[in-house]
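The numbers here are math on the coordinates, done by the rules we state, and not lab data. Worth saying up front: this structure is predicted, and the values here are computed from it rather than measured. Quick reminder, even Gly has a Cβ in these numbers, built from the backbone with ideal geometry, and neighbours come from all protein chains shown.
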Amino acid sequence: MTRIPLHNANNMPLQAPLISDPFVPYECPGNRSLNAICQGDPAVLGQYLENTPFTLAGDRFLVYVSDFTNGPKTPFMDAGIVIPVRFGDREGGYFLFEYEDNDAAIAAGRDLWGYPKKFGTIELTERAGGAFDGTQAEPLKTTPHLNIHIQPAPDGKILNKRVIARDTSPDFQMTSCHWGSAAVSLGALATDPLSPLGPLQVLAANYVIGDFFATEQNGWGKTIADLVTNGIPVGDA
C-alpha cells in the first residue's frame with residue numbers, strides 16, 4: 001500500500017496545509033503596483049483608528065493595486081487602503097482594508113502577520129495609448145507595516161492580540177517608477193465601510209515595477225507589543 005504523504009506544518013489541514021510552511025522566503029519578479037496618494041479628512045481617518053492603539057500621522061493615505069502573479073510559490077493579486085500611523089515612537093502604515101484573490105495568500109497574511117485580507121476580484125491592466133503626465137506628490141511613509149494580529153479563542157472571545165511590524169521594502173529592487181495623475185472611486189460594500197473615505201482627492205499616483213523579495217531577514221514579522229495574552233488584556237495581567 002502506498003503511504004499517504006503527511007505534513008507537520010504550522011497550519012491546517014495537517015494532511016495538506018493551506019499555507020506553504022515555511023511561507024518565507026518567497027519572491028515575485030516583475031511585481032507591478034499602481035499607488036494613488038489621496039488626501040482625506042483627518043476626522044474621518046481618525047474614526048477608523050478609534051479601536052486601535054494607533055494615532056493618525058497626517059491627512060493622506062494610500063489606495064493601491066499590486067500584481068504578485070509572477071510569484072512561483074503563491075501567485076495572487078492584491079489591493080488595499082493604507083493609512084500612515086504612529087505607534088509610540090514608530091511610524092508606519094496600517095492596512096485599513098486589503099483584498100486578495102488567492103486563499104493561501106489571504107490565510108498567510110492574516111494568520112502569520114495580521115493583514116486584514118479578504119477575498120476580492122482584482123485587475124491591473126495596461127492599456128495601449130496611456131501616458132504619464134509627471135504629476136508628483138511627496139511619498140507616504142507606509143513602512144514598516146504595523147498590523148493588529150488577533151487570534152480568536154474557541155469560546156468566541158479574543159485569545160491573543162498583538163501589534164506586528166513587518167517591512168520587506170529593503171529587499172525590493174525597483175526597475176521603473178512613473179508618476180502621473182489618477183482618479184480613484186471607492187464603491188460601497190455592505191461589509192466594509194469604504195464610502196466615508198470619499199469623495200477622494202487624488203494628489204498623484206505612481207506605477208512601480210520591480211522585483212519583490214520576502215527574505216529570511218526581512219520577510220517575517222516581529223511582535224512589538226502584546227495587547228491581549230491568553231484572553232487577558234495586558235494592562236490587567
Original post:
Quick one: in the range 89-107, which of the residues that are out of contact with any Ser or Thr (no Cβ under 9 Å at 6 or more places or on another chain) and in contact (Cβ under 8 Å) with a residue 60 or more places away in the chain is surrounded by the most Cβ atoms within 10 Å (Cβ to Cβ)?
Top reply: Phe97
Original post:
Is there a residue in the range 115-126 that is closer than 19 Å to Thr215 by Cα and out of contact with any Cys (no Cβ under 8 Å at 6 or more places or on another chain)?
Top reply: yes
**OP:** Please work out which one of (1) on the phi > 0 side of the Ramachandran plot; (2) not in a loop (DSSP other than H, G, I, E, B) is the condition Tyr99 fails and give its number.
**Re:** (1)
Original post:
Going through the range 200-237 one residue at a time, which ones are assigned to a strand (DSSP E or B), charged (D, E, K, R) and in contact with a Pro (Cβ under 8 Å, 6 or more places away or on another chain)?
Top reply: Asp211
Subject >> Residue list for the range 55-77, restricted to those being closer than 21 Å to Ile150 by Cα and surrounded by 21 or more Cβ atoms within 10 Å (Cβ to Cβ) >> reply: none
Original post:
Looking at the range 40-80, which of the residues that are in a loop (DSSP other than H, G, I, E, B) and small (Gly, Ala, Ser) is nearest to Thr215 (Cα to Cα)?
Top reply: Gly71
Original post:
Restricting the range 108-123 to residues that are surrounded by 20 or more Cβ atoms within 10 Å (Cβ to Cβ) and of a type in the set (Gly, Ala, Ser), which is farthest from Lys141 (Cα to Cα)?
Top reply: Ala108
